[in-house]
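Just so it is clear, none of the values below were taken in a lab; they were calculated from the coordinates. What you see is a predicted model; the values in this text were computed from it and never measured. Neighbour counts run over all protein chains shown; Cβ positions are idealised from the backbone, glycine included.
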Amino acid sequence: MLEITGLCVDYGTTRAVVGLDLRVDAGEAVALLGPNGAGKTSTLHAVSGLVPVTRGTVLFDGADITGHSPSEIARRGLVHVPEGRRVFPSLSVDENLRMGRIAAAGRKGWTEADVYDLLPALVPLRDRAGYALSGGEQQMVAIGRALVSAPRMLLLDEPSLGLAPVVVQAVYGALARIAADVPVLVVEQNTVAALKLCHRGFVLSAGRLALSGTADELGDRDSLLASFLGKR
Ligand code: ATP
């Protein structure tokens, strides 16, 4: 479904991603792991058209989307939930969710009611402004808005970042239900949460692929992973 081949991303003279090959098949949840600065976010940004691709190709559903604009890529249904959530601060939860319809481009997606079913913690907050939400609530709204935009695949950047363990559980519980419906590629430093959700994982170190395998294989290579990631 998503096939990244030989991806290189540069910022001036800094090479952030070096020849990465990665694929996500239909029906799969895949984790992209690694320490700070490993190139995970740069990979997602390159896939979504948010930073230029220096070299390599990105295919989505067989179509070459390398270098396409972020809006064009989102219109194809490859939907990015960025780190830091980017909830509209002055819009209510309900309005934030409805904004997802703009990117749906006529595809049938989740309704706002479906999102409230999946994330009942948002029900009492539907009229609350984005700026007044906690980090976990913002993360749920960002995921909900992505669902309303009728994703054919979701790219998630550190959905657990800065959240209390109990909130991480709630967010990952929702992601497990979403992943039954939509393939996901999730960038995480929380390896435990990500490998519980995902079938396979890729570990980046200094922009290069350091390890890949099934979630079980990566979970078993604890000491090696710990050297990249630290234990959580
Ligand atoms: P984090 O978890 O901290 O976000 P990451 O694995 O997502 O880390 P990236 O953010 O992709 O890593 O960063 C990869 C490398 O590219 C780092 O060396 C980083 O300093 C550099 N980098 C990232 N964004 C920029 C930028 N806009 N300009 C210059 N260098 C950048």
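Taking 0.36 nm per residue of sequence separation and removing the Cα-Cα distance, the Thr214/Lys108 pair yields an extension gain of 35.0 nm. Span-like helix criteria (full DSSP H runs; alpha carbon extent of at least 15 Å along the helix axis; mean Kyte-Doolittle hydropathy of at least -1.0) are satisfied in the chain by 93-104, 135-148, 165-179.
Can you give the local net charge around Thr41? Use residues other than it whose beta-carbon is closer than 13 angstrom to its beta-carbon, Lys and Arg +1, Asp and Glu -1. Residues close to Thr41 contribute a combined charge of -3. Taking amide hydrogens as placed 1.01 Å from N in the peptide plane, the amide H of Phe202 sits under 5 Å from those of Ala31, Leu32, Leu33, each at least 5 positions away in sequence or on another chain.
Over the C-alpha trace of the chain, radius of gyration and Dmax come out as 16.9, 49 angstrom.
Taking every DSSP bridge with both residues inside the chain, close to 55 percent are antiparallel. Each 5 Å bin from 0 upward holds the following percent of the Cα-Cα pairs of segment 128-188: 4, 18, 30, 27, 15, 6, 0. Relative to the globular-protein estimate of 2.2 N^0.38 Å, the Cα radius of gyration of segment 103-232 stands at 1.14. Between Val166 and Arg126, the C-beta separation translates, for a Förster distance of 25 Å, into a calculated FRET efficiency of about 0.70.
Based on Cβ point charges of +1 for Lys and Arg and -1 for Asp and Glu, what charge dipole magnitude is obtained for segment 112-220 about its Cα centre, in debye rounded to the nearest 20?
140 debye
Dividing the summed helix terms, -39500 (n - 2.57) for each DSSP H run of n ≥ 4, by the number of residues in the chain produces a 222 nm estimate of -10000 deg cm²/dmol to the nearest 500. Out of every Cα-Cα pair that segment 1-70 contains, those further apart than 19 angstrom amount to 27 percent.
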